[in-house]
Amino acid sequence: MRVLMLGWEFPPYITGGLGTACYGLTRALSRQNHEITFVLPKTVDDEYTEHVRLLTPQNRKAAQGDRAPESVASTFTSPKVEQNPAPELEHVTFKAVPSRINSPYPQGHQFYDGPREGVGFLHPAASPPPTNPDGSTPDPQTQKKLAAAATYHGDIVAEAHRYADLCLDLAAQGDFDVIHAHDWLTFLAAQAIAAKTGKPMIAHVHSTEFDRSGDNIHQGIYDLERAGVHAASQVIAVSHLTKSILEHRYGVPASKIKVVYNGIDNNGKPPEQPDPQRDAIQSNEKIVLFLGRVTMQKGPEYFVRAAKRVLDVMDGVRFVVAGTGDKVRDLIELSAELGIGHRCLFTGFLRGPEVDKIFQMASVYVMPSVSEPFGIATLEAISHDVPVIISKTSGVSEVLTHVLKVDFWDTDEMANKIIAVLKHPPLATTLRHHATIEVRQLTWDGAAQKCAGLYTALTGIAEPASPSPKPDAGSRSAR
């Protein structure tokens, strides 16, 4: 199957679970021999090409107004293609159209390159400087305008229209069978391409405006979301929680929505041993971890208030907030107000090995989200052999039994569950063992197979032969 996939994030450009989901699903579809063209609304600078490499640079000599595909977009591929005879991204081509914004999330940042200890993590992540379509550097006044547009409440709706226009030119040849669009920023582009080519469109909803903003929604974003899911031939929701929101808030018929849970790649490799030299953290401390965007949606203030209750009755516990977002300053001030600032560590944005390391150090992971469509970080925590406590208002709570669940607002009960895990090793061991078994059933290969089934149903094209699945390598050893 030839899939035109539209997404706003892909490693190393990630600010939330969307990038992780796109990466896992795309790799799995590639392993199953589907041909995928993945379009990103941004160009990739050389210093950020850890996961994708620029093969054919954007045509810098294109005439003004030239909208040919080879002039509109750059083409990327994974370096693994040349390093591995059976690469996982062998069937994936990456294209990038120019963009003026960094993230679809409020105050989202690509990277955090500041210090890693203390509480001084208030600076936005560094971003590559903006460039004109011909590759030249804009004048200072233009740069200011581009910077002003690079916010959630700035010109992001207009940017979605601009992205759609460029994608329409890029997809003019129509050498694909189905359009798979991830989240609202790409829906307008997918609608335009579907209307021009007659190819079926799938709208994959990873979160809704009601998840991100509560009832204080951005009307322009809601309108794009609603139009996209109604125009789509098929809608994929990452949980029944998200499906319910689509039904009741967007008026999408239940028969049009297919729930496909996110997954994780289980490669059977045990986690590396923790580094004995733990910066700013003593080796005998128990670590309670929050990892995610520090925004209203994720409920970080409930995490800090629960921390106060735990620290009132326990010593030797440190609470780590890993992530960036618009609530970081408020959280630092709250921890100081509660008198626990010295027991809270704000790491800023973590990626790659840093995420692995913080999971290896964690005694328990807490996800207190107010509204969480799924919660991929929960699967990552379990894969690192960490017991988890999650909000009942999360999609991942639908598929996991051997975790502790709590109402996000009930900080007393959240604290009680944290204390129970820290004080009772048999409970932590039981949670880790059984949750690991559950997570083995939630794979990206399984998610990809469900998506491929939808492709076939919409196009009538048979699925390509897939390689035999690898046997499970067994459970991880308990701590």
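The values are calculated or read from the model by the stated rules, or taken from the named source; none is laboratory data. Nothing here was measured: the structure is a model prediction, and the numbers come from that model. Here Cβ is always computed from backbone atoms with ideal geometry, including for glycine, and neighbour counts include all displayed protein chains. What goes into the accessible areas is simple: the full protein's heavy atoms, side chains included, and nothing from ligands, DNA or RNA. Shrake-Rupley method; radii C 1.70, N 1.55, O 1.52, S 1.80 Å.
Can you tell me which residue within segment 228-259, out of those that are in a loop (DSSP other than H, G, I, E, B) and in contact with a His (Cβ under 8 Å, 6 or more places away or on another chain), is surrounded by the fewest Cβ atoms within 10 Å (Cβ to Cβ)? Break it down stepwise before answering.
Filtering segment 228-259 for residues in a loop (DSSP other than H, G, I, E, B) gives 232-233, 238-239, 251-253.
Going one step further and asking which of them are in contact with a His (Cβ under 8 Å, 6 or more places away or on another chain), we end up with 238, 251-252.
Working: Val238: 26, Gly251: 10, Val252: 21.
Here the answer is Gly251.
Filter segment 317-331 down to the residues that are open to solvent by less than 60 Å² (accessible area, probe 1.4 Å), assigned to a helix (DSSP H, G or I) and in contact with a Leu (Cβ under 8 Å, 6 or more places away or on another chain) and list them by number.
Correct list: Val328 only.
Can you tell me which residue within segment 294-315, out of those that are touching a helix residue (DSSP H, G or I) at 6+ places or on another chain (Cβ under 9 Å) and assigned to a loop (DSSP other than H, G, I, E, B), is surrounded by the most Cβ atoms within 10 Å (Cβ to Cβ)?
At the first step, the residues of segment 294-315 found to be touching a helix residue (DSSP H, G or I) at 6+ places or on another chain (Cβ under 9 Å) are 294-297, 300-314.
Now restrict to residues that are assigned to a loop (DSSP other than H, G, I, E, B): 294-295, 312-314.
Details: Val294: 28, Thr295: 23, Asp312: 11, Val313: 11, Met314: 14.
Checking each candidate, the answer is Val294.
Is it the case that some residue within segment 366-380 is among the hydrophobic types (A, V, I, L, M, F, W, C) and touching a Pro at 6+ places or on another chain (Cβ under 8 Å)?
Initially, segment 366-380 is screened for residues among the hydrophobic types (A, V, I, L, M, F, W, C), giving 366-367, 370, 374, 376-377, 379.
Checking which are touching a Pro at 6+ places or on another chain (Cβ under 8 Å) leaves us with none.
No, segment 366-380 contains no residue that is among the hydrophobic types (A, V, I, L, M, F, W, C) and touching a Pro at 6+ places or on another chain (Cβ under 8 Å).
Summed over segment 17-41, the residues that are closer than 17 Å to Thr456 by Cα and either of a type in the set (Phe, Trp, Tyr) or not in a helix (DSSP H, G or I) (or both) give a count of 5. For segment 344-353, does any single residue satisfy the condition of being more than 23 Å from the chain's Cα centre (by Cα) and farther than 14 Å from Leu291 by Cα? Looking for residues that are more than 23 Å from the chain's Cα centre (by Cα) and farther than 14 Å from Leu291 by Cα, one finds none in segment 344-353, hence no.
Given the options Leu442, Leu458, name the one that is within 30 Å of Pro426 (Cβ to Cβ) and either part of a loop (DSSP other than H, G, I, E, B) or modelled with pLDDT of 95 or more (or both).
On the way: Leu458 fails: within 30 Å of Pro426 (Cβ to Cβ).
On inspection, the qualifying residue turns out to be Leu442.
The residues in segment 353-371 that are at pLDDT below 95 and touching a Ser or Thr at 6+ places or on another chain (Cβ under 6 Å) can be counted, and the count is 1.
Counting only strands (runs of 3 or more DSSP E) that sit wholly inside segment 341-435, those with at least 2 residues that are open to solvent by 20 Å² or more (accessible area, probe 1.4 Å) and out of contact with any Gly (no Cβ under 9 Å at 6 or more places or on another chain) are 404-406. If only residues of segment 205-227 that are without any contact (Cβ under 8 Å) to a residue 40 or more places away in the chain and closer than 21 Å to Lys258 by Cα are counted, the one that is most open to solvent (accessible area, probe 1.4 Å) is Arg226.
Within segment 172-198, the residues that satisfy the criterion of being open to solvent by 20 Å² or more (accessible area, probe 1.4 Å) and farther than 26 Å from Tyr222 by Cβ are Ala172, Gln173, Asp175, Asp177, Thr197, Gly198.
The combined condition, being at pLDDT 95 or above and either out of contact with any strand residue (DSSP E or B) (no Cβ under 7 Å at 6 or more places or on another chain) or aliphatic (A, V, I, L, M) (or both), is not fulfilled by Leu350.
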